Amino acid sequence: MSGKRAFLELLKQEGVDILFGNPGTTELPLMDALSVDNELRYVLGLQEATVIGMADGYAQASGKLAAVNLHVTPGLGNAMGMLYDAQKAGSPLLVTAGQHDQDFNVTEPILWADLPPLARPLVKWSAEVHRLADLPRLLHRAAKTALAPPTGPVFLALPGDIMKAEAELDLLAPTRVAARLRGDPAAVDQAAALLAQAERPLIIAGDAVAHARAHAELVELAELLGAPVYAELVPSTASFPASHPLFRGAMTRMQGPIRKILDQYDVLFSVGGDLLTLSLPSDIEPMPAGLTLIHLDNDPWELGKNYPPKVAILGDPKTTLPDIAAAVRARMTTGARGAARQRLAAAKAATLAEREALKAKARALAAATPVQPLALLAAIGDMLPKDAVVIDETISSGVGIRSLMRSDDPQSFFGLRGGGIGWGLPAALGVKLALPQRPVVALVGDGSAMYTCQALWTAAHERIAAVFVIFNNASYRILKQRLHAQRGLAAQVDRFVGMELVDPAIDYVGLARSLGVAAERATTVRDATDLIANGIKSNAPLLIDVPTDRNYKPV
Ligand SMILES: Cc1ncc(C[n+]2csc(CCOP(=O)(O)OP(=O)(O)O)c2C)c(N)n1
Ligand SMILES: [Mg+2]
């Protein structure tokens, strides 16, 4: 068997049915093999950032391995920003790239550089195949590593001579690591003792809860404790059902406001997230000294990474949370149960009041021109069908988004976890490929959209019926907000260099149409939601450009 055919067979063994890629000369052997393969769908992205973004969305929404093939050095280079996002989101990506023939590299041919060290900082494992006989073992190892917890991208370089060579090959077989690790019983009991005595417990739910599909298990514990639940600071998933009355939305990323929240509690249970993902430095210590921390994660790196917990449990949320809940129940005194019931009622009332206030604020802005992002978000949240999936790259426009979207199941919401912008458009395509039966609506900032607008062509070419809503404030508004808040020179002279996307204004409708995607402009909230509804019905990709308020000063 040839290396190129073996590679495709190995991917199929690993359950891969889509190969996301962008080819060049070093990938020609592989492209040759694909020409006679009828099982793998090759999804072409017109820039490598788009290729990785699509694969990331696909991996996150499906929970499956997503396979990628990139061009040699510059191809991998273009992919790095989105690879960073995929790493932060823990997306199981098998990233491969072609390499020149091994005996050709000493001449330093065009496009050549040593690839594994380039990818290494952003992946769990990075290697190159040096003998065709090793291809099956290395490919299966790569796939196993990507999917074993904590999941994440891996990289494998494929020299041309390996792809072209022929040999008798044993393709071996995939390994799947059974990941439902149940936390240590002694530690579970210790955690339960602290939780059962807590007077003001709080839960922060991270992405691993959604990855483990452990909503019901966490809801049970939260209700038992009467503990409000925040999503981790920069979530990439719906780690708790948005409609649940204990859910307070994603916690802020600013030290001062975080501290204000945490000061109200005596025990913090952090499950499956990054504690805490901060954005800018501050003199304020966000973690109160007296707060008792309990930590559960399936990634040992995250346990006690920044703040020392009283109890740290390595375990899968789905299998470990019920053990914790059972132990808490057994340990709670009658008094503690009564107090928990009161907390539950009070927390529910507080959440409902907060949510109602946010919605009232949004309603009051519904008719404002230009469109206010809060009003648009709330209206979208009200009109989306129950099974819709929201992709969030709204940046400065996303305030309150987790409370406004009915993101109730673990696959209903995907957000930009790594902060490298340009993720939203391609991720939406990957999500729609993984969940073809569900309406997929991407909410994307105008600036973010420009990094990977090529994704629109792939949407048209592959007929991927996602709806893209551009929150178009003709600026990098978040940067203006942040710089203004620093009260420096820019705020004094009211001039923000490199943050205005004007002169010329970018024509997103024209851009989308030029890439084969239908597009319309909406100047009112009502027009925007009508168009979204049409887009969902039409079963074809649609871009909706919504000019939104450019104001960046606090109101
Ligand atoms: C790859 C990458 N380049 C640059 C940045 C810096 N950056 C963060 S937010 C932002 C602007 C986002 O603009 P837009 O999508 O229009 O959202 P808005 O701030 O206007 O809400 C930029 C340039 C980044 N995070 N990632
Ligand atoms: Mg903008």
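With respect to Arg341, determine if the residue is open to solvent by 30 Å² or more (accessible area, probe 1.4 Å), touching a Ser or Thr at 6+ places or on another chain (Cβ under 8 Å), over 27 Å from Ala59 (Cβ atoms) and more than 16 Å from ligand 1 (Cβ to nearest atom).
No, not satisfied.
Can you work out which of the residues in segment 190-214 that are open to solvent by 60 Å² or more (accessible area, probe 1.4 Å) and charged (D, E, K, R) is nearest to the chain's Cα centre (by Cα)? So that I can check it myself, show each step before the final result.
Step one: list which residues in segment 190-214 are open to solvent by 60 Å² or more (accessible area, probe 1.4 Å), which gives 190, 197, 199-200, 211, 213.
Add one more test, that the residue is charged (D, E, K, R), and what stays is 199-200, 213.
On the way: Glu199: 34, Arg200: 30, Arg213: 15 Å.
Selected residue: Arg213.
Any idea how many residues of segment 159-184 are touching a residue at least 60 places away in the same chain (Cβ under 8 Å) and either in a loop (DSSP other than H, G, I, E, B) or of a type in the set (A, V, I, L, M) (or both)?
15
Tally up the residues in segment 119-137 that are in contact (Cβ under 8 Å) with a residue 40 or more places away in the chain and under 22 Å from the mean Cα position of the chain (by Cα), please.
3
Test of understanding: among Ala327, Ala340, Ala347, Ala336, which residue is in a helix (DSSP H, G or I) and modelled with pLDDT under 95?
Unique residue meeting the criteria: Ala347.
Test of understanding: among Ile421, Ile401, which residue is among the β-branched types (Val, Ile, Thr) and touching a residue at least 40 places away in the same chain (Cβ under 8 Å)?
Ile401 is the lone residue from the list that is among the β-branched types (Val, Ile, Thr) and touching a residue at least 40 places away in the same chain (Cβ under 8 Å).
Consider only pairs whose beta carbons are under 6 Å apart and that are at least six residues apart or on different chains; among these, list those whose first residue lies in segment 247-269 and is assigned to a strand (DSSP E or B) and whose second residue is crowded, with 21+ Cβ neighbours inside 10 Å and of a type in the set (Phe, Trp, Tyr).
Within 6 Å, the pairs are Phe247/Phe240; Arg248/Tyr230.
With the checklist (1) within 24 Å of the chain's Cα centre (by Cα); (2) within 21 Å of Val389 (Cβ to Cβ) in hand, flag the one item Ser475 doesn't pass.
So Ser475 meets the others, but not (2).
So which residues in segment 456-471 are more than 16 Å from ligand 1 (Cβ to nearest atom) and assigned to a helix (DSSP H, G or I)?
If the condition is that a residue be more than 16 Å from ligand 1 (Cβ to nearest atom) and assigned to a helix (DSSP H, G or I), then Trp457, Thr458, Ala459, Ala460, His461 are the ones that fit.
Criterion first (β-branched (Val, Ile, Thr), open to solvent by less than 60 Å² (accessible area, probe 1.4 Å) and within 18 Å of Pro228 (Cα to Cα)) does Ile324 satisfy it?
The answer is yes for Ile324.
Given the conditions (1) away from ligand 2 (no atom under 16 Å from the Cβ); (2) open to solvent by 10 Å² or more (accessible area, probe 1.4 Å), and given that Tyr451 satisfies all but one, which numbered condition is not satisfied?
Unmet condition: (1).
Could you tell me whether any residue of segment 252-266 is within 23 Å of the chain's Cα centre (by Cα), at pLDDT below 95 and not hydroxyl-bearing (Ser, Thr, Tyr)?
yes
Please work out which one of (1) in a loop (DSSP other than H, G, I, E, B); (2) of a type outside the set (Lys, Arg); (3) farther than 28 Å from Asp299 by Cα is the condition Gly15 fails and give its number.
Gly15 satisfies all of (1) in a loop (DSSP other than H, G, I, E, B); (2) of a type outside the set (Lys, Arg); (3) farther than 28 Å from Asp299 by Cα except (3).
Mind checking whether some residue in segment 120-143 is hydroxyl-bearing (Ser, Thr, Tyr) and surrounded by 17 or more Cβ atoms within 10 Å (Cβ to Cβ)?
Within segment 120-143, one or more residues are hydroxyl-bearing (Ser, Thr, Tyr) and surrounded by 17 or more Cβ atoms within 10 Å (Cβ to Cβ).
Tell me which helices (runs of 4 or more DSSP H) are completely within segment 472-526 and hold 2 or more residues being small (Gly, Ala, Ser), surrounded by fewer than 18 Cβ atoms within 10 Å (Cβ to Cβ) and away from ligand 2 (no atom under 14 Å from the Cβ), or say none if there are none. Before you say what the answer is, go through the steps one by one.
Values: elements: 477-485, 489-493, 508-514.
It comes to 489-493, 508-514.
Can you find even one residue in segment 429-446 that is within 15 Å of ligand 2 (Cβ to nearest atom), in contact with a Leu (Cβ under 9 Å, 6 or more places away or on another chain) and in a loop (DSSP other than H, G, I, E, B)?
no
Inspect segment 358-378 for any residue being under 16 Å from the mean Cα position of the chain (by Cα) and touching a residue at least 12 places away in the same chain (Cβ under 8 Å) and give the result as yes or no.
No, segment 358-378 contains no residue that is under 16 Å from the mean Cα position of the chain (by Cα) and touching a residue at least 12 places away in the same chain (Cβ under 8 Å).
Look at Gly57 and say whether it is outside any helix (DSSP H, G or I) and at negative phi.
no
Is it the case that segment 307-316 has a residue that's open to solvent by 10 Å² or more (accessible area, probe 1.4 Å) and hydroxyl-bearing (Ser, Thr, Tyr)?
Looking for residues that are open to solvent by 10 Å² or more (accessible area, probe 1.4 Å) and hydroxyl-bearing (Ser, Thr, Tyr), one finds at least one in segment 307-316, hence yes.
Being surrounded by fewer than 22 Cβ atoms within 10 Å (Cβ to Cβ) and either over 30 Å from Leu479 (Cβ atoms) or modelled with pLDDT of 95 or more (or both) narrows it down to one residue among Gly290, Gly273; which is it?
Result of the check over Gly290, Gly273: Gly290.
Give the residues of segment 18-48 that are assigned to a loop (DSSP other than H, G, I, E, B), of a type outside the set (Gly, Ala, Ser) and touching a residue at least 24 places away in the same chain (Cβ under 8 Å), sorted by residue number.
Asn22, Pro23, Asp37, Glu39, Leu40, Leu46, Gln47
Hey, does segment 3-14 have a residue that's of a type outside the set (Lys, Arg), modelled with pLDDT of 95 or more and under 25 Å from His461 (Cα atoms)? So that I can check it myself, show each step before the final result.
First pass over segment 3-14, keeping only residues of a type outside the set (Lys, Arg): 3, 6-11, 13-14.
Remaining after also requiring modelled with pLDDT of 95 or more: 3, 6-11, 13-14.
In the following step, the residues that additionally are under 25 Å from His461 (Cα atoms) were identified as 8, 11.
Within segment 3-14, one or more residues are of a type outside the set (Lys, Arg), modelled with pLDDT of 95 or more and under 25 Å from His461 (Cα atoms).
Of everything in segment 375-425, what is within 16 Å of ligand 1 (Cβ to nearest atom), open to solvent by 30 Å² or more (accessible area, probe 1.4 Å) and in a helix (DSSP H, G or I)? Give them in sequence order.
Answer for segment 375-425, where residues must be within 16 Å of ligand 1 (Cβ to nearest atom), open to solvent by 30 Å² or more (accessible area, probe 1.4 Å) and in a helix (DSSP H, G or I): just Ile395.
Can you name the residue in segment 55-79 that is touching a Leu at 6+ places or on another chain (Cβ under 7 Å) and free of Cβ contacts under 8 Å to residues at least 40 places away in the same chain and, of all such residues, is surrounded by the most Cβ atoms within 10 Å (Cβ to Cβ)?
If we take residues in segment 55-79 being touching a Leu at 6+ places or on another chain (Cβ under 7 Å) and free of Cβ contacts under 8 Å to residues at least 40 places away in the same chain, then Ala79 is surrounded by the most Cβ atoms within 10 Å (Cβ to Cβ).
The values are calculated or read from the model by the stated rules, or taken from the named source; none is laboratory data. Since the model is a prediction, treat every value here as computed from it, not as a measurement. Cβ coordinates were reconstructed from backbone atoms using ideal geometry, including for glycine residues, and neighbour counts include every protein chain displayed. In case anyone asks, the SASA skips ligands and DNA or RNA and just uses the protein heavy atoms, side chains included. Shrake-Rupley method; radii C 1.70, N 1.55, O 1.52, S 1.80 Å.
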